[in-house]
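Here is the structure we will look at, set down as structure tokens.
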Ligand SMILES: *[C@@H]1O[C@H](CO)[C@@H](O)[C@H](O)[C@H]1NC(C)=O
């Protein structure tokens, strides 16, 4: 039997518990308050010391670019910053990857992603923080992605009382072809995670602008390589040879028919032969020619159809010219990427958050792009949303595209990315309290 004092104590605890849960529900109760968070976060991230800190991180990573699965120093820098903020993390995940956790430790779990790798490219921009690693450069803005996600981590950690869920920080290796996202998924980075957001820098849209779209946004991609073999010999006596150069040329022309004659004109696809290697002399017909290229489409079905036809056409057309051909597709460092398909409910959430922060006129609809992103591997598992943050360098007359050795960004955009990341999860949590999940079962809606 319970004594009087024990009963009283229990009531007291119950009362305190009720107060606490009422209080925590009140934190984000008013609509006005929710819509003010993005602006407040942006102002927070623009503060001198936080801005300088993000710029410092970005420059440090920019000076020391590391290729896919070799991001050891970048990963170490991330972990040191997480340690300083008192944020727990898992490491290593997929070789160099780091997965951090902020918030209640309870569901819902929502992930934010940054990629860490650089490109095999010699930086041609002369500035104080130019790449110190010859032949390597952050020419796709992944240095800014890391700085912005750490910025978001700082905002969220400072405001962790607002978090009615757990934020999962995903720092992934090898976006540039190595399929780091796929490895992160296989290593369990998305375990119990309901949704994921990712951002990419854009040197074509101005500061304070964001672009994205609902549904398919970036193409899926595949690569192929074919060896066409004939019989080498004297260039002046072709009747004794089987010429693989002419055969490869016919193969390339025939491949062009796949898009122009077989694909639905309303289903955008690309097939480019970007590699042609064979022969080394003016008077010798070589034994073989190697060709290779990439193909892109917005649905898995179209990609599969292209893959099958590329192989058939290469083999059959080579045979017409008495050559043999072997075709290879996916390899360890040439993975197929699925199309990037943005979840429509997350798009609505993004439009509200970005609109509250930047004004609805600064939230632009993105054109479909045939480029690919390995963010799509996350979207295959859970609803995901990728958006672009305007980082145009206004000092340049013509903006420079990603993967250019002259790539430059406007560092003033860092607070925007950080604050958007942070605001998106806070809004997700306030919209999706336990028991009212945004998605009852996930259905990937593809074109
Ligand atoms: C093609 O392959 C067949 C069967 O292996 C072989 O007999 C033939 O010599 C090859 N032709 C060329 C041009 O390599």
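Where a number appears in this text, it was derived from the coordinates with a stated rule and is not lab data. This structure is a prediction, so every number in the text was calculated from the model and none was measured. Glycine also receives a Cβ, built like all others from the backbone with ideal geometry; neighbour counts cover every protein chain displayed.
Can you tell me which residue within the stretch 328-350, out of those that are surrounded by fewer than 18 Cβ atoms within 10 Å (Cβ to Cβ) and within 16 Å of residue 294 (Cα to Cα), is nearest to the chain's Cα centre (by Cα)?
Looking at the filtered set, the residue picked out is 333.
Right, residue 154: under 20 Å from residue 428 (Cβ atoms) and assigned to a loop (DSSP other than H, G, I, E, B) or not?
no
Are any of the residues in the stretch 354-363 outside any helix (DSSP H, G or I), surrounded by fewer than 17 Cβ atoms within 10 Å (Cβ to Cβ) and within 16 Å of the ligand (Cβ to nearest atom)?
No; the residues of the stretch 354-363 include none that is outside any helix (DSSP H, G or I), surrounded by fewer than 17 Cβ atoms within 10 Å (Cβ to Cβ) and within 16 Å of the ligand (Cβ to nearest atom).
Is one or more of the residues making up the stretch 216-237 more than 24 Å from the chain's Cα centre (by Cα), without any contact (Cβ under 8 Å) to a residue 24 or more places away in the chain and surrounded by fewer than 19 Cβ atoms within 10 Å (Cβ to Cβ)?
Checked the stretch 216-237: at least one residue is more than 24 Å from the chain's Cα centre (by Cα), without any contact (Cβ under 8 Å) to a residue 24 or more places away in the chain and surrounded by fewer than 19 Cβ atoms within 10 Å (Cβ to Cβ).
Any residue that is assigned to a helix (DSSP H, G or I), in contact with a strand residue (DSSP E or B) (Cβ under 9 Å, 6 or more places away or on another chain) and within 16 Å of the ligand (Cβ to nearest atom) - is there at least one of those in the stretch 251-264?
yes
Residues 290, 328, 319: which one is more than 30 Å from residue 196 (Cβ to Cβ), in contact (Cβ under 8 Å) with a residue 24 or more places away in the chain and within 16 Å of the ligand (Cβ to nearest atom)? Working first, answer last.
On the way: 328 fails: within 16 Å of the ligand (Cβ to nearest atom); 319 fails: in contact (Cβ under 8 Å) with a residue 24 or more places away in the chain.
Just a single option satisfies the conditions, and that option is 290.
Looking at the stretch 307-314, is at least one residue touching a residue at least 12 places away in the same chain (Cβ under 8 Å), within 16 Å of the ligand (Cβ to nearest atom), under 25 Å from residue 230 (Cβ atoms) and assigned to a loop (DSSP other than H, G, I, E, B)?
no
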